[in-house]
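One structure is given here, and the rest of the page talks about it.
What follows is calculated from the coordinates using simple rules that are stated; it is not laboratory data. All figures in this text were calculated on a predicted structure; none of them were measured in a lab. Positions of Cβ are backbone-derived with ideal geometry, glycine not excepted, and every protein chain shown enters the neighbour counts.
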Amino acid sequence: MSHSAIEATARADLGPDAGPIAVTVHPVARRAAAYDEVADGLQAKFSIPYLVAYVVLHGEPDPASFDGVDPEVQEHARSHVRVATDEALREAEAVVAVGGEEVARVEAARGSPERPMSADELAAKCAMLAGDRLDGLLDERSAPAQVLLDALA
């Protein structure tokens with residue numbers, strides 16, 4: 001539920017001096033990503049303020065971005081990012097505003113049922129997450145799931 005906020009922030013292309021940044025999401029998204037202060041990388045994945053600040057300072061995150069908490073990002077989240085909710089938004093919608101002016105909106109995150117990834121985008125994501133460990137394994141659709149799990153172990 002935080003992916004739309006990440007994508008909207010990336011679209012807005014904000015610099016580190018932009019602010020205050022207001023992110024508005026549906027209450028369901030806020031409950032799913034409820035952390036404001038984060039103690040570790042796992043909590044950071046579920047923190048809209050942290051993720052928005054991360055995008056502003058470093059660009060869109062990848063899995064390695066959550067190996068820990070970046071103190072600069074956490075401070076930027078505290079000082080520059082505010083999150084509000086609006087029940088009129090779609091559950092996965094995010095609106096980013098700076099100085100009270102909307103600068104970006106994402107109604108459905110990339111990869112959601114409303115905006116599915118292309119085959120190439122999906123393959124690139126698989127490669128990013130699993131490296132070459134799944135090469136050829138996904139070609140055999142009748143292979144037992146255990147074969148895939150063993151390849152990822």
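Compute the long axis of helix 48-58 from its Cα atoms, compare it with the longest principal axis of the Cα atoms of the chain, and write down the angle in degrees, 0 to 90, nearest 10.
The answer is roughly 80 degrees.
Against the longest alpha carbon principal axis of the chain, how many degrees, from 0 to 90 and to the nearest 10, is the axis of helix 3-12 turned?
60 degrees
Whole Å is fine, so just give me how far the alpha carbon centre of the range 1-25 lies from that of the range 74-103.
7 Å
I need Leu134, Leu89, Leu122, Leu149 ordered by Cβ neighbour count within 10 Å, fewest first. Walk me through the numbers before you get to the answer.
On the way: Leu134 16, Leu89 19, Leu122 12, Leu149 9.
So the residues, fewest neighbours to most, are Leu149, Leu122, Leu134, Leu89.
What residue among Arg115, Arg133, Arg78 shows peak mean-square fluctuation when the chain is described by a Gaussian network model with Cα springs under 10 Å?
Judging by the Gaussian network model, the answer is Arg133.
Can you sort Thr85, Thr9 so the residue with the fewest Cβ neighbours within 10 Å comes first? Display every interim value, and only then the final one.
Values: Thr85 15, Thr9 28.
So the ranking, lowest neighbour count to highest, is Thr85, Thr9.
Which residue, Val103, Val55, Val23, has the most motion in a Gaussian network model of the chain that connects Cα atoms within less than 10 Å?
Val103
Of Ile6, Ile48, how do they rank once you tally other Cβ atoms within 10 Å and put the fewest first?
On the way: Ile6 20, Ile48 27.
So the residues, fewest neighbours to most, are Ile6, Ile48.
Compute the Kirkwood hydrodynamic radius of the chain, taking the inverse of the mean of 1/r over all pairs of distinct Cα atoms, and give it in Å to one decimal.
Result for the chain stands at 16.6 Å.
Relative contact order for the chain: what percent, with Cα pairs under 8 Å and sequence separation of 6 or more? Show your work: numbers first, answer last.
Numbers: 244 pairs, mean separation 45.0, N = 153.
For the chain, the relative contact order is 29 percent.
Only Cα pairs within less than 10 Å get springs; with that Gaussian network setup on the chain, which residue of Ala108, Ala84, Ala119 has the largest fluctuation?
Ala119
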